[in-house]
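Input: a single structure, listed below in structure tokens.
The values are calculated or read from the model by the stated rules, or taken from the named source; none is laboratory data. Because the structure is a prediction, the values reported are computed rather than measured. Cβ placement follows ideal geometry from the backbone for every residue including glycine, while neighbour counts extend to all protein chains displayed. When the accessible area is computed, the model is the full protein with side chains, heavy atoms only, and any ligands, DNA or RNA have been set aside. Shrake-Rupley method; radii C 1.70, N 1.55, O 1.52, S 1.80 Å.
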Amino acid sequence: MTQTMSPALRRRETVSGYLFLLPSLVFFVGFVVVPMVMCVITSFFDANMNANTPDVFIGLANYKELWQDKVFLKALRNTFIIVLVSVPVVCIFSLWVASAIYQMKEFALSFYRVVFYLPVVTGSVAVTVVWKWMYNNYYGIFNYLLKGAGVISKNINWLGDPKYALGCIIIILLTTSVGQPIVLYVSALSNVDSTLVEAAEVDGATNLQVFWRIKWPQIMPTTLYILVITTINSFQCFALIQLLTSGGPNYATETVMYYIYYTAFKLYRFGYGNAMGVVLAIFIALLSALQFRLAKES
Amino acid sequence: MTSKDNGRSMGYKIFSVVVLIILAFLFIFPLYWIITGALKPPAAINSPKPQWWPSEFTMRNFQVLFSKRSAPLFQFGSVTGPTVPAAIRWMVNTVFMAVMAMILTCITAAMAGYALAKKRFIGRYLIFSLIVAAMALPKQVILIPLIREMSALGLYDNIWAVIFPTVGWPFGVFLMKQFSESIPGEMLEAARIDGASEFRTFTNIVVPMIKPGIGALAIFTFINSWNDYFMQLIMLTSNANLTISLGIATMQAENSTDYGLIMAGAALAAVPIIIVFLIFQKYFTKGITMGAVKG
């Protein structure tokens, strides 16, 4: 079925190929591609929720306004802090856990994989509300434990204090982000060529040398994939903010994703919200491209 | 290896096992806290000194949860079901949404993945590139335009408005393509020589071979759809149309100090999906790793 296809066969392949693709394409084009295009187009308009008032073309005005919008800039800054902290921590943490468990027996391996995936499966709403309780000023276990250990002398309002709120959010985000990377690293590490590892061990290489010289280069594609998905996930941090702090106190936990939601569904400024969405997508694309470039070089 | 090396690696092994056990404990704790919290009376919850194990079990939180709001069990056109606690209706909505998203995604993605892997036709590279590019973009940026599109289609505040975009998300097609690559071309050729129709070839030869992949995609879609809070939040508004996550979030906003009630809701939302995950976790793991092979 390669170059020697007859014209009749080729036609049959094309027709059947597209027929098999059709159902999927209807959904993909209708509910992914069209909204993406609409997002870009609407970002040049002054558009709102009301279907009766027509959208007004305003060129780049939405984009210009963004860079004067103090809340947006603050949101952008917070989003970058979240990404810069969570991406390396998630990668290192999950790599360490994966290397500690990947040679375990099937039952223990499954157990740990499930445990670290648990916060993802539990769902963002359930996870968020229980953390909200644990962070609570009066009834939360953190204040109780830290006071008991003598770390703090009086209760701290964790989510209500601009000094701590963002850090608290990042901690929850981390627990919900390591599940998938651990699964991926476990599978990558067990695919590392064992003859190379054995040969190096015979030659007297230490565990650390074996890791850096032999395993690390082989799991590089996985690392790259994990970097990209963790970056995307961290950029999209939303449910935690919406349910815990609504961006407060004093915009200390405002993120771009939350601000997009706020602009579109509380202020009804669809065009402006879409402009933010476009900027966010560009940042993610740039960062992913940068990670690919760095990974290729090393 | 020298004996000194052995001693050090033994020490490291013990260290890592201890750390792992502590971490496992910390990762399980929130779930433990949800479930025990749901069963504690208000006095135990609203006490500055936490009760690590409930000294008294109560169903009070679930009773409040089920009595707060009510909704019809189902609505089909003009047929309306009996009035039940809203949480039950939310559960029905959530299961319906996750199952529909799962079935539609598996059917469309299996067909499309097979076509992209095995059919030679003009435009396949273009379509595949578009799919990969869409996967790298943040899903949430399409949500605002999606709202207007759904309003225009008359689907706003309708559970299908959440299901359709989930089916459209191209990860499933990508995953199915990965699985379909391994189907030997000779088998398909033999089927064609025997005169089997394209559709029969697909159902009788392709589907049995990619079954593990379909299983992985099914469980993956089910869990993701269940937990896709943002999409549910913007698309669904009226009480009878909420999902369980959304309902719990709404109750949380209204009764933000009744942690017992909120934990009961959280337990109701989380426990079923965790059980599903535990039963199918092998497939799930496979789906995650296969979807990333060429990431």
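Assorted remarks:
- Within segment A:263-281, if we keep just the residues that are open to solvent by 10 Å² or more (accessible area, probe 1.4 Å) and modelled with pLDDT under 90, the residue that is nearest to the chain's Cα centre (by Cα) turns out to be A:Ala281.
- In segment B:249-267, the qualifying residues are those that are within 8 Å of chain A (Cβ to nearest Cβ) and without any contact (Cβ under 8 Å) to a residue 40 or more places away in the chain, and the one that is surrounded by the fewest Cβ atoms within 10 Å (Cβ to Cβ) is B:Gln252.
- So B:Ala110, is it under 25 Å from B:Ile210 (Cα atoms), crowded, with 18+ Cβ neighbours inside 10 Å and in contact with a helix residue (DSSP H, G or I) (Cβ under 6 Å, 6 or more places away or on another chain): yes
- If you check A:Leu9, A:Leu25, A:Leu60 for being more than 8 Å from chain B (Cβ to nearest Cβ) and either open to solvent by less than 30 Å² (accessible area, probe 1.4 Å) or under 30 Å from the mean Cα position of the chain (by Cα) (or both), only one passes: A:Leu60.
- Pair list, Cβ under 8 Å, 6 or more apart: segment A:191-205 residue aliphatic (A, V, I, L, M), other residue open to solvent by less than 70 Å² (accessible area, probe 1.4 Å) and in a loop (DSSP other than H, G, I, E, B): A:Val192/A:Ile219
- From B:Val141, B:Val99, residue being open to solvent by 30 Å² or more (accessible area, probe 1.4 Å) and more than 15 Å from A:Gly30 (Cβ to Cβ): B:Val99
- Hey, A:Thr14 open to solvent by less than 60 Å² (accessible area, probe 1.4 Å), without any contact (Cβ under 8 Å) to a residue 24 or more places away in the chain and at the interface with chain B (Cβ under 10 Å from one of its Cβ atoms) or not: yes
- For segment B:113-129, the set of residues classified as part of a loop (DSSP other than H, G, I, E, B), open to solvent by less than 50 Å² (accessible area, probe 1.4 Å) and at the interface with another protein chain (Cβ under 7 Å from one of its Cβ atoms) consists of B:Lys119, B:Phe121, listed by residue number.
- Restricting segment B:153-197 to residues that are under 19 Å from A:Phe20 (Cα atoms), open to solvent by 30 Å² or more (accessible area, probe 1.4 Å) and of a type in the set (D, E, K, R) leaves a set whose member that is farthest from the other protein chains (Cβ to nearest Cβ) is B:Glu181.
- In segment A:135-151, the residues that are hydrophobic (A, V, I, L, M, F, W, C) reach residues that are part of a helix (DSSP H, G or I) and open to solvent by less than 70 Å² (accessible area, probe 1.4 Å) with C-beta atoms within less than 8 angstrom, at least six apart or across chains, in these pairs: A:Ile141/A:Met134; A:Ile141/B:Trp33; A:Phe142/A:Met134; A:Phe142/A:Tyr135; A:Phe142/A:Trp158.
- Hits in segment B:17-38 (condition: hydrophobic (A, V, I, L, M, F, W, C) and more than 19 Å from A:Lys105 (Cβ to Cβ)): B:Ile22, B:Phe25, B:Leu26, B:Phe27, B:Ile28, B:Phe29, B:Leu31, B:Trp33, B:Ile34, B:Ile35, B:Ala38
- B:Gln140 fulfils the conditions (1) within 17 Å of A:Leu21 (Cβ to Cβ); (2) within 11 Å of another protein chain (Cβ to nearest Cβ) except for a single criterion, (1).
- Hey, B:Asp228 open to solvent by 10 Å² or more (accessible area, probe 1.4 Å), of a type in the set (D, E, K, R) and farther than 30 Å from A:Phe116 by Cα or not: no
- Test for B:Ala98: is it closer than 22 Å to B:Leu242 by Cβ and small (Gly, Ala, Ser): yes
- Subset of segment B:280-295 [open to solvent by 10 Å² or more (accessible area, probe 1.4 Å) and more than 18 Å from B:Ile28 (Cβ to Cβ)]: B:Phe280, B:Lys282, B:Tyr283, B:Thr285, B:Lys286, B:Thr289, B:Met290, B:Ala292, B:Val293, B:Lys294, B:Gly295
- Count of segment A:282-298 residues, restricted to those that are aliphatic (A, V, I, L, M) and in contact (Cβ under 8 Å) with a residue 60 or more places away in the chain, is 2.
- No other residue among B:Ile234, B:Ile147 is at the interface with another protein chain (Cβ under 7 Å from one of its Cβ atoms) and surrounded by 17 or more Cβ atoms within 10 Å (Cβ to Cβ) apart from B:Ile234.
- Being without any contact (Cβ under 8 Å) to a residue 60 or more places away in the chain, assigned by TED's automatic domain parsing to the domain that holds B:Gly168, more than 30 Å from A:Tyr225 (Cα to Cα) and open to solvent by less than 10 Å² (accessible area, probe 1.4 Å) is a condition met by no residue of segment B:238-245.
- Residue pairs meeting the criteria (Cβ under 7 Å; at least 6 apart or on separate chains; first more than 18 Å from A:Phe235 (Cβ to Cβ) and touching a residue at least 12 places away in the same chain (Cβ under 8 Å), in segment A:250-279; second open to solvent by 20 Å² or more (accessible area, probe 1.4 Å) and among the aromatic types (Phe, Trp, Tyr)): A:Gly271/A:Phe45
- Selection of segment A:100-115 for residues being of a type in the set (S, T, N, Q) and open to solvent by less than 90 Å² (accessible area, probe 1.4 Å) yields only A:Ser110.
- Selection from segment A:125-147 of residues that are within 7 Å of chain B (Cβ to nearest Cβ), over 17 Å from B:Ile28 (Cβ atoms) and surrounded by fewer than 23 Cβ atoms within 10 Å (Cβ to Cβ): A:Tyr138, A:Tyr139, A:Tyr144
- Qualifying residue in segment B:205-213 (condition: crowded, with 24+ Cβ neighbours inside 10 Å, within 23 Å of A:Leu118 (Cα to Cα) and facing chain A (nearest Cβ under 8 Å)): no
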